[in-house]
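Below is one structure, written out as structure tokens; the observations come after it.
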Amino acid sequence: MEKSIIIYKIYPVGFAANSYILTSDGKSCIVVDPAQPRILDECKKRGLTPEYALLTHCHYDHIGGVGALFNVGCKVLCGEAEKPYIFSEDNRAIFHGITIPHFEIYKTLKDGDDVCLCGINIKAIATPGHTVGGMCYIVGDNIFSGDTLFCRSVGRTDFPTGSYAALVNSVKKLYALDGDYKVFCGHGEDTTLSAERAFNPYVKD
């Protein structure tokens with residue numbers, strides 16, 4: 001039986017995304033979208049060692065803190081199709097004058113992959129649209145949706161590799177999951193999958 005999972009939501013200070021720290025043993029942790037270098041301090045304050053970083057996609061406002069984690073031995077995972085985009089000119093061009101911190105990808109994930117990290121079972125769901133290699137992650141009855149699905153909104157698709165048609169298909173793919181899930185979004189407040197199926201004005205169930 002899987003241990004209970006504690007999820008810490010870390011709101012950004014200034015320009016960045018929400019970050020999430022997950023632990024099941026109170027010692028090691030996974031960080032979903034380490035948006036700022038201070039996420040390492042947030043882990044330390046809770047007595048946690050960041051073992052893995054899961055990236056929903058590679059825009060700077062979601063990966064600004066990856067370098068700090070990588071420098072202390074954290075292993076970084078992302079979608080298979082996203083890896084070539086991380087340090088590409090297209091990605092760098094979105095955030096003029098911002099240097100993406102150096103890190104390396106430990107492992108890439110494909111749609112439907114199951115991994116167990118820090119004793120936590122995770123299913124990867126490929127959700128292209130906001131970027132070509134966007135991923136959502138299912139952990140128990142929770143979805144970490146990055147910039148695919150927000151509370152009553154969806155991610156923008158006007159950046160390089162974005163596709164509105166692909167995003168609509170990805171959101172409908174999430175809607176088609178059985179049951180309900182709490183949705184932890186890349187920006188803004190949390191929601192639920194049932195609420196988005198019923199009330200999201202951009203993509204209808």
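To keep it simple, each residue is scored yes or no on (1) of a type in the set (S, T, Y); (2) touching a Phe, Trp or Tyr at 6+ places or on another chain (Cβ under 6 Å).
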{"residue": "T127", "(1), (2)": "yes, no"}
{"residue": "F144", "(1), (2)": "no, yes"}
{"residue": "V154", "(1), (2)": "no, yes"}
{"residue": "S163", "(1), (2)": "yes, no"}
{"residue": "K172", "(1), (2)": "no, no"}
{"residue": "K182", "(1), (2)": "no, no"}
{"residue": "G186", "(1), (2)": "no, no"}
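Select from the stretch 1-28 the residues that are among the β-branched types (V, I, T) and either open to solvent by 60 Å² or more (accessible area, probe 1.4 Å) or touching a Lys or Arg at 6+ places or on another chain (Cβ under 6 Å) (or both) and write down the one among them that is modelled with the highest pLDDT.
I6
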> Is it the case that C78 is hydrophobic (A, V, I, L, M, F, W, C), buried (at least 16 other Cβ atoms within 10 Å of the Cβ) and in contact with a Phe, Trp or Tyr (Cβ under 9 Å, 6 or more places away or on another chain)?
Replying inline: no
> How many residues are assigned to a loop (DSSP other than H, G, I, E, B), of a type in the set (S, T, Y) and at pLDDT 95 or above if we restrict to the stretch 95-115?
Replying inline: 1
> What tally of residues in the stretch 162-196 results from selecting those that are buried (at least 18 other Cβ atoms within 10 Å of the Cβ), in a strand (DSSP E or B) and of a type outside the set (A, V, I, L, M, F, W, C)?
Replying inline: 1
> Filtering the stretch 29-61 down to residues that are more than 29 Å from T157 (Cβ to Cβ) and touching a residue at least 40 places away in the same chain (Cβ under 8 Å), which residue is least open to solvent (accessible area, probe 1.4 Å)?
Replying inline: C29
>> Every residue in the stretch 84-121 that is charged (D, E, K, R) and exposed (fewer than 15 other Cβ atoms within 10 Å of the Cβ), please.
In response: E89, D90, E104, K107, K110, D114
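Determine whether C136 is under 24 Å from F199 (Cβ atoms) and modelled with pLDDT of 95 or more.
Details: under 24 Å from F199 (Cβ atoms): yes; modelled with pLDDT of 95 or more: yes.
Taking the combined requirement at face value, the residue satisfies it.
Being of a type outside the set (F, W, Y) and either open to solvent by less than 30 Å² (accessible area, probe 1.4 Å) or farther than 16 Å from G188 by Cβ (or both) is the filter here, so list the residues in the stretch 151-161 that pass it. Walk me through how you get there before you give the answer.
Going residue by residue through the stretch 151-161, those that are of a type outside the set (F, W, Y) are 151-158, 160-161.
If the condition is that a residue be of a type outside the set (F, W, Y) and either open to solvent by less than 30 Å² (accessible area, probe 1.4 Å) or farther than 16 Å from G188 by Cβ (or both), then V154, G155, T157, D158, P160, T161 are the ones that fit.
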> Quick one: would you say Y137 is crowded, with 20+ Cβ neighbours inside 10 Å and among the aromatic types (F, W, Y)?
Replying inline: yes
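The values are calculated or read from the model by the stated rules, or taken from the named source; none is laboratory data. None of these values were measured; they are calculated from a predicted model. Positions of Cβ are backbone-derived with ideal geometry, glycine not excepted, and every protein chain shown enters the neighbour counts. All accessible areas refer to the heavy atoms of the entire protein, side chains included, with ligands and DNA or RNA removed. Shrake-Rupley method; radii C 1.70, N 1.55, O 1.52, S 1.80 Å.
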